[in-house]
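Q: Just dropping this structure here.
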């Protein structure tokens, strides 16, 4: 079980490796471009080589790229749908160039039309991305918190997407805070097992490519996407111990997307807490 975090690429993508090292990352997640805009600027070959060499020297991996936040595969706007498909296609190519394990993305919102109404469009969009993607990286759809008519807040919805796409390259990213917000009580082993039962009945725990390890500022079932530092939220350290001890996650990387104890994003203190919990439950990196 590798423990890592989302790290900044400010100043060049190769800088992310150093930032990951500084806080003790064993794995990292990055953005390939600004997450709030459609613009995508290809990464220079020199930066790609520096990034890959830095990873090799540091012994860091796996690497995931998080897609931009504007993507909504449930949108009725065909132009925005195409932009979302094109963005994911660009990220999959970048992932292949970087040797990244995969691209993680938010599926979007059905906008009140309902999950079943937007499922065919969502599935077709994902198929287009996978059909045009270079070999190598997987595409991982992230479970959502349930706010704003999200697609994929429940695991049966993600299972429906994976079944319809029917590709070994489509995986899921499990976000602990999103799960908690969507009503899965991860603060105790019973709640975790109930989530896993739904997960196995839907997309399957074997299809979890990564875990976003985030505590929750809001109570279970709030539907609100608000991350907290490990142990400071409503899931708590005991909840993370139960999650990490579950055999379903033994070989899955845990990636932090937390505010940080000084408000600067994922930090060494959060990394160290997860590493301590990992040791407590008898696992190694």
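Q: Going by average Cβ neighbours within 10 Å, how do the peptides 236-247, 96-107 rank, with the highest at the top?
A: Result, highest mean Cβ count within 10 Å first: 96-107, 236-247.
Q: Under a point spin-label approximation (7 Å from Cα along Cα-to-Cβ), what is the residue 276-residue 77 distance to one decimal in nm?
A: 4.6 nm
Q: Choose one answer from 67, 39, 187: the residue with the largest mean-square fluctuation in a GNM of the chain with alpha-carbon springs under 10 Å.
A: Of the options given, 39 has the highest mean-square fluctuation.
Q: Roughly how many nanometres apart are two label points built 7 Å out from the Cα toward the Cβ at residue 219 and residue 36?
A: Between residue 219 and residue 36, the label points sit 3.2 nm apart.
Q: Here is a follow-up. Using only DSSP helix segments of four residues or longer, with each worth -39500 (n - 2.57), what per-residue ellipticity at 222 nm results for the chain after dividing by its residue count and rounding to 500?
A: Rounded to the nearest 500, it is -12500 deg cm²/dmol.
Q: Label residue 96 and residue 10 with points 7 Å out from Cα along Cα→Cβ: what is the distance between them in nm?
A: For the pair residue 96/residue 10, the computed spacing is 3.3 nm.
Q: Shifting gears a bit: If you restrict to DSSP beta bridges whose two residues both lie in the chain, what percentage is antiparallel, to the nearest 5?
A: 10 percent
Q: How much length is gained on full extension from residue 198 to residue 57, taking 0.36 nm per residue of separation minus their Cα-Cα distance?
A: 46.8 nm
Q: Relative contact order of the chain: what whole-number percent is it, with Cα pairs under 8 angstrom and at least 6 residues apart?
A: Once normalised by length, the contact order is 17 percent.
Computed from the coordinates by the stated procedures, all read-outs in this text should not be read as laboratory data. Keep in mind that what you see is a predicted model, and the values were worked out from it rather than measured. FYI the Cβ positions are ideal-geometry reconstructions off the backbone, even for glycines, and counts take in every protein chain you see.
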